[in-house]
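Below you'll find the structure, written out as structure tokens, and then a few comments.
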Amino acid sequence: MKRISHAIVMVEDIHSSLPRTEFSETDLDDAAQLILKMQGTITPPILLETGVDSYTVLDGYFEYYAALRAEEIDPLKGETINAYVVESEEEKPAYEQQIQVFRQRQSVLPTAPEVSPIPPPDVITSPINTPEVSPIPQPDVKASPISPSESVVSDERFVAVERIIALEKTVGKLVEAKDNELHETLDTLKHFIGEQLNNISVQLEQKVSTQIHLLSEQMKNLPPPEIPKFPEQPVRPKKPVILTPPPAGAKQKFLDAVNTLSSSDLIRKLERMRVNKKVRDNLINERDKQPFHSIENMVERVSGLGKKTMNNILAQFTM
């Protein structure tokens with residue numbers, strides 16, 4: 001048998017066979033506020049584990065519904081509840097024995113004495129006066145006070161609650177003090193870093209300004225740069241271009257060749273004389289439109305064919 005240990009369980013994973021309507025919503029609200037305030041209950045419900053993240057209540061139905069109400073009020077703080085978890089059916093009887101002994105034990109109240117009912121007197125209708133019958137005194141039955149053991153348990157619970165509340169206040173004050181101390185430390189650190197960055201910026205600015213000033217002074221003292229002098233090259237006179245006159249009869253021969261040769265033959269001759277393709281194509285296109293009647297007419301009609309180019313062609317042309 002495992003030892004009893006606490007567990008923190010999600011409230012939404014718990015199921016109960018006892019309906020919520022068995023308890024007052026006002027009482028559940030009050031208990032829920034206490035659970036939220038203390039983040040738990042001093043009388044945890046006892047749960048049977050029925051599956052993965054699934055539990056059913058064995059005892060502590062009121063505590064369960066109070067925790068459920070706490071979750072409705074604050075889903076973040078009230079999403080869990082402390083509980084005892086019975087992990088298997090084999091452990092269930094031992095827990096049920098403790099539930100009966102410790103949780104379902106009731107105070108022993110003295111029983112009131114039983115009073116037998118007094119039969120009504122026979123009423124005789126006669127002129128004789130009947131004696132007055134005084135009422136039978138009833139025994140004074142008073143509820144017995146709570147037993148000392150129950151009072152001690154209640155006092156211990158109250159003291160435990162007060163101690164937990166006091167501890168919660170102390171922890172809250174410590175957290176607040178540490179939070180304030182942390183904020184002060186951060187502010188001091190920010191101020192220190194800011195001052196250090198400012199000092200570094202000023203120092204860098206001063207160093208850069210000093211270096212620029214020194215460089216300016218050094219440049220003022222430097223002699224002007226010497227421009228290298230290159231020896232003058234003698235100017236060579238340009239040789240005049242002497243155009244070789246075409247041989248006699250070349251003009252007429254070239255004119256006849258352009259007008260009579262086939263396109264392929266004429267292109268081969270012009271290629272040997274290194275006439276560019278554009279001039280060749282323009283020459284053949286113009287010839288196909290209309291034969292040339294003179295060299296001058298050819299120069300005038302063919303785009304790209306100037307007098308200089310024509311003289312070079314005539315000087316090289318041979319049949």
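Each value in this text was obtained by applying a stated rule to the coordinates, not by laboratory testing. The structure displayed is predicted, hence computed values, not measured ones. Don't worry about glycine lacking a Cβ; one is built from the backbone with ideal geometry, like all the others, and counts go over all protein chains shown.
At a glance:
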{"read-out": "Size of electric dipole in the stretch 250-316: Cβ of Lys, Arg +1 and of Asp, Glu -1, about Cα centre, debye, nearest 20", "value": "280"}
{"read-out": "Straight-distance crosslink candidates among aspartates and glutamates, where the alpha carbon sits under 18 Å from residue 190 and sequence neighbours closer than 8 are dropped", "value": "179, 181"}
{"read-out": "Sorted peptide list for 22-29, 207-214, criterion being average Cβ within 10 angstrom, highest first", "value": "22-29, 207-214"}
{"read-out": "By average C-beta atoms within 10 angstrom, highest first, the peptides 262-269, 199-206", "value": "262-269, 199-206"}
